[in-house]
Each structure stands twice: as C-alpha cells, then as structure tokens.
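A.B. asks: Structure in structure tokens, see below.
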Amino acid sequence: MEEEKFSLSGTFQKTKEYVDSQFKLVKLKTIERSSRLIASLVVDATKLIFTLFVIFFLCLALGFWLGELLGSYSLGFLATAGIFMVIIVIIRIFEPALESKFMDLSIRRFLAKWNDEIEEEEEDLKKKEKFDREGATNE
C-alpha cells in the first residue's frame, strides 16, 4: 500500500475551508435568529396598532354614550378624559413595578424565541444521529 504523504499546504487548505464553513454557519444562524425576532416584532407591532385602534373607537363610543347620559357631548368627552386622567395617575403611581414586570416579560419572550431555535437544532441533531445509528446497524 502506498502511504499518503503529509501535506502542510493541504492541511492548511482544509483548515481554511473548515473555518470558512464555520463562519458561514454562524452567520446563517445569526441571520435566521434575527429574522425570526424581527418577524415577531413586526407581528407584535401590528397587533399593538390594531389594539390602539380598538381602544380609540371604544373611547369615542364611551364619550358619546356618556354625552347622551349627561345631556351634552362636551361633558361626555370631558368625563372620558377624566377617566383617562385617573388611569394615568394610577399608572404613574405603580410605574416602577409595572416597568419591571414588562421588562421581565420582554426578556422572557425574547429568550423563549431564541431558545426555541436552539432546541429545534438540538432535536434535528438527535434525529440525524438516531438515523445514522439505525442505518449503521442495518448494514
């Protein structure tokens, strides 16, 4: 048998290809995760906009309804504004606690999206390993 000679240039080339492949893999994984997060943000922003529209129209309806009850649309919308002022004061009082709750919720949601992708990759690797083992035992 002929022995293959050790080639430093060949080893260097293979190492370079491996590093390039790993770099491309990291880049693609980062792009995938970023695109999932951006898509999630776009969907959340859309839901927020539609929720704000619903709240706006409910506020208009409340103003008109209170206006009919009070006999003046001006008083109805003034009462609606008063209700919102009370809500703003309550939010202002509990602002630090609410802020920390929303930060925790945001971080959990972000990490859940990130970890779901990692778990999917791990499951794919396990399936591939299982398939490879079954293929090796069948031969």
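So that you can scan it fast, the table gives a plain yes or no per residue for (1) in contact with a Lys or Arg (Cβ under 9 Å, 6 or more places away or on another chain); (2) surrounded by 10 or more Cβ atoms within 10 Å (Cβ to Cβ); (3) modelled with pLDDT under 90:
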position: L8; (1), (2), (3): no, no, yes
position: T11; (1), (2), (3): no, yes, yes
position: E17; (1), (2), (3): no, yes, no
position: S21; (1), (2), (3): no, yes, no
position: E32; (1), (2), (3): no, yes, yes
position: L37; (1), (2), (3): yes, yes, yes
position: V42; (1), (2), (3): no, yes, no
position: T51; (1), (2), (3): no, yes, no
position: L62; (1), (2), (3): no, yes, no
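A.B. asks: Test K29 against the stated conditions and say whether it is part of a helix (DSSP H, G or I) and either under 22 Å from N115 (Cβ atoms) or in contact (Cβ under 8 Å) with a residue 60 or more places away in the chain (or both). Give the derivation first.
C.D. replies: Values: part of a helix (DSSP H, G or I): yes; either under 22 Å from N115 (Cβ atoms) or in contact (Cβ under 8 Å) with a residue 60 or more places away in the chain (or both): yes.
Against the criterion (part of a helix (DSSP H, G or I) and either under 22 Å from N115 (Cβ atoms) or in contact (Cβ under 8 Å) with a residue 60 or more places away in the chain (or both)), K29 qualifies.
A.B. asks: Out of (1) surrounded by fewer than 11 Cβ atoms within 10 Å (Cβ to Cβ); (2) in contact with a Gly (Cβ under 9 Å, 6 or more places away or on another chain), the odd one out for I55 is which?
C.D. replies: Of everything listed in (1) surrounded by fewer than 11 Cβ atoms within 10 Å (Cβ to Cβ); (2) in contact with a Gly (Cβ under 9 Å, 6 or more places away or on another chain), I55 misses just condition (2).
A.B. asks: Out of D104, D124, report the one residue that is modelled with pLDDT of 85 or more and of a type in the set (D, E).
C.D. replies: Numbers: D124 fails: modelled with pLDDT of 85 or more.
Checking each option against the conditions leaves just D104.
The values are calculated or read from the model by the stated rules, or taken from the named source; none is laboratory data. The model shown is predicted, which means the values in this text are computed figures rather than measured ones. Quick reminder, even Gly has a Cβ in these numbers, built from the backbone with ideal geometry, and neighbours come from all protein chains shown.
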